[in-house]
Structures are given as structure tokens and as C-alpha cells.
Amino acid sequence: MNFTCPIREGASLWPEQEALTFAGRRWTYRALDAEVGRWVGALQSRGIRVGDRVASLATSHASSVFLFFALGRLGAVHAPLNARLTSAELAPLVEDISPRLTLALKALVDRLPNAEPLETWADAVEAPSSTCESLEEATPRVVLFTSGTTGRPKGAVITEGNFRASARCSAANLGAHPAPRWLGTLPLFHVGGLAMMTRTAYDGGCLVLHDRFEPESVNQAIDAEGVSHASFVATTLERVLDTRGDRPMPETFRLALIGGGPVPAPLLARARAARLLALQTYGLTEACSQVTTERPTEADGRTAGPALPGLEVRIVSPEGEVLGPGREGDIEVRGPTVMAGYLNRPDATREALRDGWLRTRDMGMLDERGRLTVLSRRTDLIVRGGENLYPAEIETVIAAHPAVQEVAVVGVADARWGEVPVAFVVLRSGQALPEDLDGWCRRSLAGFKVPARFLPIDALPRNAMGKVERTVLRQRA
């Protein structure tokens, strides 16, 4: 099947409908189509052709939207790099990409050799190009680098078909919406941000793009700009609720997808009281964002939900045996959202993709209803005296304590048990480390799962993708 640019389609079907807002500016589909066309002309003037790769370094910015869709009209590939990385971290990624062109926001241009300013790059072109090549499902659209928590980052190649399928599967779960307005606070160098951007365009909606997460701006967008959908993690969800004083959401706001791990039950209760439907999810870059999501009519916050319609999730043992409900093992995913492979890494691709299944390297289990509970990454597993301990299970219990803001549990070496769990706890403002944390855990966890130590910490260390750096915590413990 062949596809055309969704912005071009939108300009034909609903030209005056709002497509993008950013920093006080607004673009209808007609205006956005013309702007993308200008960028196509600028790219053509530099000789960018089918299959060429263009690297960019930017926080979320309207220019990144123009660039993404313009490259699609030429059949070229976008490689958005993480704006939080240092020059030293970026260098090997650029080497892997071998870009024909490198662009960066002016504030970041010094981090990339030969980078040209992104914001003004197409200003010299006045007339939009009419070029709009059709794309096949297998056409590569982006190269997105994994976070590299277990080694050098790998560039996952995500195709047009992957993005289309991700939008289709998500819509089948969430239900139709005539013109969704997605709040874009996830960065556009992240698969979640790109999936949100493309999903909105395919659905004829509007991306309300912010350059960063600020709870005051989020609430203003929800209350005054008709935002219908958003994506948060537990900490940002809590900040949104804190800032609005748990004021109920307007009727225009439909739901929020919650990623990044389990959400404490008290926080979900707060969200429900504020008329905010929060759906827990599980996803990864290699599967183009969402894999499982709670169903809106069945959300109870206990799992990450079942596989999205059109996708399959299974649990397998280290020996490859497919495991039944309630049994713990490796999470594998199959379906049209799974990446084409890793750029220039055939061995890694063969290791990750086996017989059509993506081996996620995460561990979990399914219940009788096919709902997924994510237990840990394989590298985060704690083995205490032969017993497998999953940080997510322990963290969920500790995070429910009223004095705890957030928590991370890691395994540290122990002469007697091999490993024992240690909990790093970020406390709420004005709170001291509770003396009853051990007893709190023992009410819900077997004794061998209770952390050997509870250590207060001002903030959890995170890598450039926002994931907790457990290696740093292990060293500190």
C-alpha cells in the first residue's frame, strides 16, 4: 500500500482546520502544507534525495515538524538526536547515521560539527515545492537511538508503516475522536513524541506543541486550548494535579496515557477524582511507542493493559517456551509496529528479531485477561539467594507511602545472599525518611523482597531519555 503526506491530505480535506500550535503561533492544514512545501524546496536545493539521512538536534520546535514531513515528501530519512546529550555522546551517533545534512537549533549548534541553524534554515526559500512522493509501508522514516542503558545506543529504523499502524492500533483502543488535540510535551526526538505528532496528523487533529514540560502551561492548554489528549509519566501527572489544586478537568479533556512504569494507587485515585482518565501503558522505541494500554472502559491501574488491537504480546522462558498466565518471563511483541531493524547493526537486529517476534529484554507476566504486568528489564533483575526480585514490584509498594515522592530499587552485592535490594527514596517536601518503611513493605511483600536499606536522595539520577540510571545508584549504594 502507498501513502501520501498526511499534511497534504489535510490541506485538501480540511484546509482551515488547525494543525499545529507552537509558541503563540498557529498553522492551519493549508498553512502547514505550504510551510512543509518550502522546506521540501530547501532540501531539494541541497540535493537531498530518496534514502538520504538528515540529522537534527533540537528540543521540541515547530521547525522539527516542518523538517519531518518535508523529508517524508522526498523519501528521505530523519534522524532526530537527543538534545540532552553532550558532544562526546553525540559523536558516535552521527558517525552511525552518516548524514547528508546536519541541522541544530542555534542554542545547540556548537555540539554538532558542521551543523547549520535549524530555525532559519529554510528562510531563503519563498515558493513551496509541489513534490510529494508516495511512501510504501516499508519506507524508512526515522532513525531513533535507544537510550543505551545496556551498552552503546542502537539506531532503530522506524518505517511509515510502523507509524501508521501505531496510530491505527492506538485509535482502535482509545476510540474515535473527530479532531483530537494532543498536548505535545514529549520531545520530538523521542518515539512517544513522534508517534503523537504523526497520530494527530493522520487523524486530522492538532498538535499543541510545547518546547518543554511546565505544569502551569500544561494546565493552561487543558483549560483554555481544548486539549483532548496528553501523555505523562507519574511524576508529571502529579505535578499537573498539584498545580491545578486537583481542580476537575474540563469536559473537552478526554484522557492521558501514562508511561514510564507503574503509577502509585493514591495518585490514580487523585486523577480519577479530578475527572482525569489515566491509562497505564507499556511501550518501547523498537515497537513505535505503545505496545499495551489499558482499555478506557476497564482501566483499574493494576496493569499496563492488554496488547493494542492488531498487536500480539507473549511471555517466554529463557529456553523459548511460551508461558501461560501468571508465569514470569521475557516480554516479546509481534505486529506491524515492530521496527525494520537497527541501522548498520545486522547482528543486533538478528538478536532482537526472531521469527517475527521482537525480544524486548524486559520481563513481565500476563494475567488471565491478557493484561501485562511489567516486572523489570533483564539487567535490573535482582537475584537474592536464588529468588528473583523485580524492582517494579517493590517500588510500587514503597511509592504508595504518603511521604514518598518517587523511588528506585537496585540490587547490590551481598556476601551472604549474592544480592540484596536497596531502595533510594525521594521524599515529599517537608518529609523526613519514615521510620516505618520496613514495616510498610512487610505488610505487602514477602520478607526476602524488603529492601535491606532505605536511602534518602534529593533526586533520582536520570539519563538523557529520562530513564533512571540504576548503574549510578548501584555505585552509590
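The values are calculated or read from the model by the stated rules, or taken from the named source; none is laboratory data. Every value quoted in this text rests on a predicted model; they were computed, and no experiment measured them. Counting neighbours? That spans all protein chains shown, and the Cβs are built from the backbone with ideal geometry, glycine included.
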Return the residues of the stretch 175-197 that are in contact with a Lys or Arg (Cβ under 8 Å, 6 or more places away or on another chain) and surrounded by 22 or more Cβ atoms within 10 Å (Cβ to Cβ); say none if nothing qualifies. Trp182, Thr185
Looking across the stretch 18-55 at residues that are of a type in the set (A, V, I, L, M) and part of a helix (DSSP H, G or I), the single one that is surrounded by the fewest Cβ atoms within 10 Å (Cβ to Cβ) is Ala34
Of all residues in the stretch 396-413 being part of a strand (DSSP E or B), under 24 Å from the mean Cα position of the chain (by Cα) and not small (Gly, Ala, Ser), the one that is surrounded by the fewest Cβ atoms within 10 Å (Cβ to Cβ): Gln405
Selection count, the stretch 305-338, where residues are within 30 Å of Ala269 (Cα to Cα), assigned to a loop (DSSP other than H, G, I, E, B), modelled with pLDDT of 95 or more and not basic (Lys, Arg): 7
Output the residue which, of all residues in the stretch 439-477 that are in a helix (DSSP H, G or I) and polar (S, T, N, Q), is farthest from Pro391 (Cα to Cα). Gln475
Criterion first (touching a residue at least 24 places away in the same chain (Cβ under 8 Å), assigned by TED's automatic domain parsing to the domain that holds Tyr282 and either among the acidic types (Asp, Glu) or in contact with a helix residue (DSSP H, G or I) (Cβ under 6 Å, 6 or more places away or on another chain) (or both)) does Pro391 satisfy it? no
The listed residue being in a helix (DSSP H, G or I) and either more than 20 Å from Ile258 (Cβ to Cβ) or of a type in the set (Asp, Glu) (or both), out of Arg350, Arg416: Arg350
Across the stretch 366-395, the tally of residues that are part of a strand (DSSP E or B), more than 21 Å from the chain's Cα centre (by Cα) and under 12 Å from Ala304 (Cβ atoms) stands at 1
Cβ pairs under 7 Å, 6+ apart, first in the stretch 275-293 and closer than 23 Å to Arg141 by Cβ, second surrounded by fewer than 24 Cβ atoms within 10 Å (Cβ to Cβ) and aromatic (Phe, Trp, Tyr): none
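So that you can scan it fast, the table gives a plain yes or no per residue for (1) more than 16 Å from the chain's Cα centre (by Cα); (2) among the small types (Gly, Ala, Ser):
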position	(1), (2)
Thr236	no, no
Met249	yes, no
Ala265	yes, yes
Tyr282	no, no
Pro306	yes, no
Close pairs from the stretch 103-131: first assigned by TED's automatic domain parsing to the domain that holds Val54 and within 9 Å of Gly41 (Cβ to Cβ), partner at pLDDT 95 or above and among the charged types (D, E, K, R), Cβ under 6 Å, at least 6 apart: Ala122/Arg38; Val125/Arg38; Pro128/Arg38; Thr131/Arg73
How about the stretch 72-166: which strands (runs of 3 or more DSSP E) wholly inside it have at least 2 residues that are at pLDDT below 95? none
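Determine, yes or no, whether Asp438 is farther than 30 Å from Leu188 by Cβ and without any contact (Cβ under 8 Å) to a residue 40 or more places away in the chain.
Taking the combined requirement at face value, the residue satisfies it.
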For the stretch 181-198, pairs from a residue that is in contact (Cβ under 8 Å) with a residue 12 or more places away in the chain to a residue that is among the basic types (Lys, Arg) and buried (at least 24 other Cβ atoms within 10 Å of the Cβ), with Cβ under 8 Å and 6 or more apart or across chains, are Trp182/Arg199
Give all pairs with beta carbons closer than 9 Å in which a residue from the stretch 416-428 that is in contact (Cβ under 8 Å) with a residue 12 or more places away in the chain meets a residue that is among the aromatic types (Phe, Trp, Tyr) and in a strand (DSSP E or B); count only pairs at least 6 apart in sequence or on separate chains. Val422/Phe454; Ala423/Phe454; Phe424/Phe454; Val425/Phe454
Identify, please: which residue in the stretch 105-115 is touching a strand residue (DSSP E or B) at 6+ places or on another chain (Cβ under 8 Å) and over 16 Å from Ala91 (Cα atoms) and is, among those, surrounded by the fewest Cβ atoms within 10 Å (Cβ to Cβ)? Lys106
For residues in the stretch 445-472 being touching a Pro at 6+ places or on another chain (Cβ under 9 Å) and under 11 Å from Val425 (Cβ atoms), which is surrounded by the fewest Cβ atoms within 10 Å (Cβ to Cβ)? Arg453
